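Just below is one structure, and these are the notes that go with it.
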Amino acid sequence: MFYAKLMLKKFEASLNSFSAPFLDRLQVPLKSKDFPIGIVFFVASSVVLGSLCTKALLSGDSAVYLQQMKNLNFGARSVHIGYYLLGAGFIRIMPGSDVYAINLMNCLLGGLSIASVYFITFIICRKHIIALISGLFLLTHYLFIQNSIYAEVYTPQTCFLLLAVLLWLLDRPIITGLLFALSLLMTPSTIFALPFFFIVRPRLRPLFLFGITALVTVVIVISWVYENYFFSGRGLLGASRTPINLEVAFRKEGREIYSNFFLSIPFVAIGLLELFGRKEFRSFGIGLLTLWAASLFLGERFIDVPVQLPTYALLCVAGGLGVSLLIRIPREKPYAKIVFGIVLSAAVAVILVNGSTAFKKIRTFNRNHTIYCDTMIKMSKVARGDYFVIGDWSRGNIFRYYVPDKSFVSLIESWEWEELKEAIDARRQIWILKGYRGIFTFLNRFGYKVEQFGCIYKASPRK
């Protein structure tokens with residue numbers, strides 16, 4: 001027992017000495033003059049994201065989330081109960097359509113995420129221009145933008161987690177615990193960030209206050225839906241039943257890193273060298289590494305889930321530190337000014353190119369989703385009698401949001417041809433939300449004429 005206690009004390013002492021240089025760097029408090037730039041940056045980022053906001057739904061998930069918020073149904077799919085509670089209040093406060101209101105809420109949380117990256121970077125390096133560059137790297141990150149302008153849980157999760165990191169760096173353990181709990185209530189993958197907090201500030205009292213605050217908050221909120229939260233298909237424990245294909249996971253993350261960071265990858269790589277190379281940054285770098293590794297090896301179970309979005313946001317901090325390192329390399333004044341100008345120009349050029357590429361893709365993405373949602377509304381007005389609908393889960397749930405009194409059959413998943421044959425025998429009008437292989441030939445064989453209606457298809461029996 002004595003030996004075990006001794007080893008535990010040695011481990012605690014080594015962990016404290018490892019994190020001490022970084023914590024010492026954080027001792028300089030923020031001044032009142034440090035806040036205005038961050039606040040303006042938050043407002044500007046929210047406006048930019050808001051300019052991309054639409055009245056369309058992103059996916060079947062978005063449709064289900066919004067319907068549950070409208071119905072105050074927090075028990076189903078309760079792994080996102082925090083998002084339902086937040087959104088249910090927001091759509092009742094905001095005027096206009098519920099779809100636009102919930103999308104706009106994500107825009108505001110996206111702007112807050114960018115401001116959080118700004119403040120995290122500033123606390124680490126104490127340079128406003130570097131902090132702004134880190135925030136702009138995130139603002140031009142396509143995956144982040146996509147999740148920030150539609151009703152999805154991953155930007156709210158990232159937002160509250162980044163705020164928790166920020167407050168943890170400022171040694172505010174109780175508020176940090178509350179923010180971590182809110183992030184965890186958005187989606188359970190926040191749990192992969194837990195080692196980060198232990199590594200960055202391994203002090204018993206703040207860890208206790210952080211842990212007890214987070215635990216009590218989560219227990220209070222999920223106490224009446226705990227079974228669904230923990231054991232549903234994508235619950236905190238239930239998701240572990242889905243196996244991880246590491247080959248697919250590595251390919252997915254490779255695509256995400258290349259397509260979203262694009263030209264900023266060199267700055268991020270240099271920033272990671274800065275984090276791991278300098279003693280005073282190393283605990284933050286190791287914490288970031290554990291977040292990435294835990295999210296990859298434990299979290300990459302679903303191809304449609306951007307589980308690494310919080311990691312990518314913190315990599316934007318690394319990107320800013322990479323710019324800072326390049327600026328500091330020359331010591332002599334004439335060269336220092338020249339290098340400063342070159343590096344800063346390169347960073348601005350990268351931000352402009354990345355932003356132009358990302359915004360162009362987003363506008364195309366928005367146009368396609370807006371067309372589809374508008375088509376659903378038009379279809380509900382012209383569809384004849386007891387029509388029959390074929391659609392995949394995602395498009396089908398968007399249809400069901402706009403036409404709540406109708407259901408759809410998913411042939412791509414269950415191939416329920418019997419229901420389709422019954423509809424054909426009854427000579428019902430058939431609407432196809434997505435062009436499935438062989439379905440048009442099949443309908444033609446039974447005397448149906450297939451026509452395109454916007455971005456979907458209408459099949460009517462020939463006379």
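The values are calculated or read from the model by the stated rules, or taken from the named source; none is laboratory data. Just so you know, these numbers come straight off a predicted model, no measurement behind them. Don't worry about glycine lacking a Cβ; one is built from the backbone with ideal geometry, like all the others, and counts go over all protein chains shown.
Working carefully through the options Ile93, Ile129, Ile81, find the one that is more than 20 Å from the chain's Cα centre (by Cα) and in contact (Cβ under 8 Å) with a residue 60 or more places away in the chain.
On the way: Ile93 fails: in contact (Cβ under 8 Å) with a residue 60 or more places away in the chain; Ile81 fails: more than 20 Å from the chain's Cα centre (by Cα).
Answer to the check: Ile129.
Only one of (1) surrounded by 14 or more Cβ atoms within 10 Å (Cβ to Cβ); (2) touching a helix residue (DSSP H, G or I) at 6+ places or on another chain (Cβ under 7 Å); (3) touching a residue at least 24 places away in the same chain (Cβ under 8 Å) fails for Val343. Which number is that?
It fails just one condition, (3).
Within the range 237-291, work out how many residues are of a type in the set (Ser, Thr, Tyr) and modelled with pLDDT under 90.
4
Can you tell me which residue among Ser356, Ser345 is part of a helix (DSSP H, G or I), over 25 Å from the mean Cα position of the chain (by Cα) and either of a type outside the set (Ser, Thr, Tyr) or assigned by TED's automatic domain parsing to the domain that holds Ala56 (or both)?
Values: Ser356 fails: over 25 Å from the mean Cα position of the chain (by Cα).
Residue meeting the stated conditions: Ser345.
With over 18 Å from the mean Cα position of the chain (by Cα), among the polar types (S, T, N, Q) and under 22 Å from His80 (Cα atoms) as the only criterion, which of Ser283, Ser232 stands out? Can you show your working first?
On the way: Ser283 fails: under 22 Å from His80 (Cα atoms).
Every option except Ser232 fails the conditions.
Which condition breaks for Pro306 when tested against (1) part of a loop (DSSP other than H, G, I, E, B); (2) under 18 Å from Ile114 (Cα atoms); (3) over 21 Å from the mean Cα position of the chain (by Cα)?
(3)
Out of Pro36, Pro95, which single residue is at pLDDT below 90 and either touching a Leu at 6+ places or on another chain (Cβ under 7 Å) or in the same structural domain as Lys361 (by TED's automatic domain parsing) (or both)? So that I can check it myself, show each step before the final result.
Details: Pro36 fails: at pLDDT below 90.
Exactly one of Pro36, Pro95 is at pLDDT below 90 and either touching a Leu at 6+ places or on another chain (Cβ under 7 Å) or in the same structural domain as Lys361 (by TED's automatic domain parsing) (or both), namely Pro95.
Which members of the range 379-403 meet the condition of being of a type in the set (D, E, K, R) and closer than 15 Å to Ile430 by Cα? Walk me through how you get there before you give the answer.
Of the residues in the range 379-403, the ones of a type in the set (D, E, K, R) are 381, 384, 386, 392, 395, 400.
Passing the criteria: Lys381, Arg384, Asp386, Asp392.
Restricting to helices (runs of 4 or more DSSP H) lying wholly in the range 370-463: which have 3 or more residues that are in contact with a helix residue (DSSP H, G or I) (Cβ under 7 Å, 6 or more places away or on another chain)? Give the steps one after another, and end with the answer.
Values: elements: 393-402, 411-414, 417-425, 439-445.
Those helices (runs of 4 or more DSSP H) span 393-402.
Output the residues belonging to the range 15-34 that are farther than 17 Å from Glu280 by Cα and surrounded by 13 or more Cβ atoms within 10 Å (Cβ to Cβ).
Once the filter is applied, which keeps residues that are farther than 17 Å from Glu280 by Cα and surrounded by 13 or more Cβ atoms within 10 Å (Cβ to Cβ), the range 15-34 yields Leu30, Asp34.
Given the conditions (1) modelled with pLDDT of 95 or more; (2) of a type in the set (A, V, I, L, M, F, W, C); (3) closer than 26 Å to Ile377 by Cα, report the number of the one that Val43 does not fulfil.
(3)
Picking from Ala294, Ala269, which residue would you name as being crowded, with 17+ Cβ neighbours inside 10 Å and either out of contact with any Lys or Arg (no Cβ under 9 Å at 6 or more places or on another chain) or not in a helix (DSSP H, G or I) (or both)?
Details: Ala269 fails: crowded, with 17+ Cβ neighbours inside 10 Å.
When all the criteria are applied, what remains is Ala294.
Quick one: Ala426 ticks every box in (1) at pLDDT below 85; (2) within 15 Å of Val409 (Cβ to Cβ); (3) surrounded by fewer than 17 Cβ atoms within 10 Å (Cβ to Cβ) bar one, so which box is it?
Every listed condition holds for Ala426 apart from (1).
Across the range 436-448, which residue is farthest from the chain's Cα centre (by Cα) among those that are loosely packed, with under 13 Cβ neighbours inside 10 Å and under 28 Å from His369 (Cβ atoms)?
Within the range 436-448, the match that is farthest from the chain's Cα centre (by Cα) is Gly438.
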